[in-house]
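S.K.: Input: one structure, supplied below.
The values are calculated or read from the model by the stated rules, or taken from the named source; none is laboratory data. All values reported here derive from a predicted model rather than from experimental measurement. Glycine also receives a Cβ, built like all others from the backbone with ideal geometry; neighbour counts cover every protein chain displayed.
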């Protein structure tokens, strides 16, 4: 079927009747853009967007009649709140996306913006949605190449709309807004304005994987909660576990010559150096280098036990109290680890405090892989929440992530 329209559009938005589309289309139109809103049935779309200058509507059948577009924003999806088998999700999220790519290529589109939930980034998420969206990303990349702009968003909202699941908050005025601010500390969220800004801006402006979420560092609730937890844990270690600290101190002194507490300069927030404290696990005068660059023969007998149980980290309670570190964040590196320092700086990771444990650590990524580590730190920065922090703490407590590996004997 041929569409009534034959304009060149700045944006074609599929799935325009959905939650994201209903907020994104008017925001793009307010910038003076020409937009084609596409869905299964054009009539409700025409009624919804009637009176908004620059917005036309079409069905998917009518999309075949469009001669050209600049940017296609693909929102059409079988979402994670819908039931169905993997085959059901694949038919919509992969096969239908393939058809849309065909139309995009026919129109000579410049940029294909594929929107996915951050859930599809979770390595442990085997849901039909996550699996099908990962398959879709790879299929779309094969079909449109470097014109793909793959973006992951969190819980979607705008200044006066708190999403379908929290719609009741819209009726509570300022109190509802305050409650939503609390909710955002538990789950990454994405505002409609930030998505519209990104779609209307330059292509691939975010590091890969592209994650567009609200900046939690601006939330006083999140900052206060994490700081309170840091102080509580630090005091618990220094007061409740004081007898254990004394015993470990004595065992280290008896095992090998040298001080029990190891103090070393590390790179902190804003790339400001600070002194990190740990129980010494290596022989005195071991070279100051990344752990993965130090031979296993440098590790003391008690040090092997301390590293395996992570008890060597306990003196970092001092760093927690001083506000130089937090419980969850990027593991602090040495200033001489320039490749890692530069990679983290390029991704903005130093906007965060370093942590005693971290997202990369539970994924078994250590400092021997600097670029991969920096990428993982960046993902954490975009996905951080109180819920994720507690998950990381629990996984660390139950043994996930063994810290930086030392080099095998004979290796540099």
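S.K.: Filter the range 283-315 for residues that are modelled with pLDDT of 85 or more and over 32 Å from the mean Cα position of the chain (by Cα); which is surrounded by the fewest Cβ atoms within 10 Å (Cβ to Cβ)?
M.R.: Filtering first and then ranking leaves 301.
S.K.: Does the range 255-274 hold any residues that are without any contact (Cβ under 8 Å) to a residue 40 or more places away in the chain and surrounded by fewer than 14 Cβ atoms within 10 Å (Cβ to Cβ), and which are they?
M.R.: Listed by number, the residues that qualify are 257, 259, 263, 272.
S.K.: Hey, another quick one. Could you list, in sequence order, the residues of the range 302-352 that are in a loop (DSSP other than H, G, I, E, B) and over 16 Å from residue 393 (Cα atoms)?
M.R.: Within the range 302-352, 322, 323, 324, 332, 333, 334, 335, 336, 337, 347, 348, 352 qualify.
Yes/no per residue for (1) crowded, with 19+ Cβ neighbours inside 10 Å; (2) within 23 Å of residue 208 (Cα to Cα); (3) out of contact with any helix residue (DSSP H, G or I) (no Cβ under 9 Å at 6 or more places or on another chain); (4) at pLDDT below 95:
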site: 317; (1), (2), (3), (4): yes, no, no, no
site: 321; (1), (2), (3), (4): no, no, no, no
site: 353; (1), (2), (3), (4): yes, yes, no, no
site: 368; (1), (2), (3), (4): no, yes, no, yes
site: 374; (1), (2), (3), (4): yes, yes, no, no
site: 395; (1), (2), (3), (4): no, no, no, yes
site: 398; (1), (2), (3), (4): no, no, yes, yes
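S.K.: Also, quick follow-up: Are any residues in the range 165-205 at pLDDT below 85, touching a helix residue (DSSP H, G or I) at 6+ places or on another chain (Cβ under 7 Å) and not in a helix (DSSP H, G or I), and if so, which ones?
M.R.: 166
S.K.: Would you mention how many residues in the range 113-164 are in a helix (DSSP H, G or I), surrounded by fewer than 19 Cβ atoms within 10 Å (Cβ to Cβ) and without any contact (Cβ under 8 Å) to a residue 40 or more places away in the chain?
M.R.: Residues that pass the stated criteria total 7.
S.K.: I'm trying to understand the selection: among the residues of the range 78-112, which are more than 19 Å from residue 156 (Cα to Cα) and assigned to a loop (DSSP other than H, G, I, E, B)?
M.R.: Within the range 78-112, 83, 84, 85, 107, 108, 109, 110 qualify.
Residue-wise test of (1) within 17 Å of residue 147 (Cα to Cα); (2) crowded, with 17+ Cβ neighbours inside 10 Å.
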| residue | (1), (2) |
| --- | --- |
| 204 | yes, no |
| 210 | yes, yes |
| 213 | no, yes |
| 226 | no, yes |
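S.K.: Turning to a different aspect of this structure: When you go through 39, 51, 32 one by one, which is the residue that is in the same structural domain as residue 195 (by TED's automatic domain parsing) and either touching a residue at least 60 places away in the same chain (Cβ under 8 Å) or closer than 21 Å to residue 102 by Cβ (or both)?
M.R.: Answer to the selection: 39.
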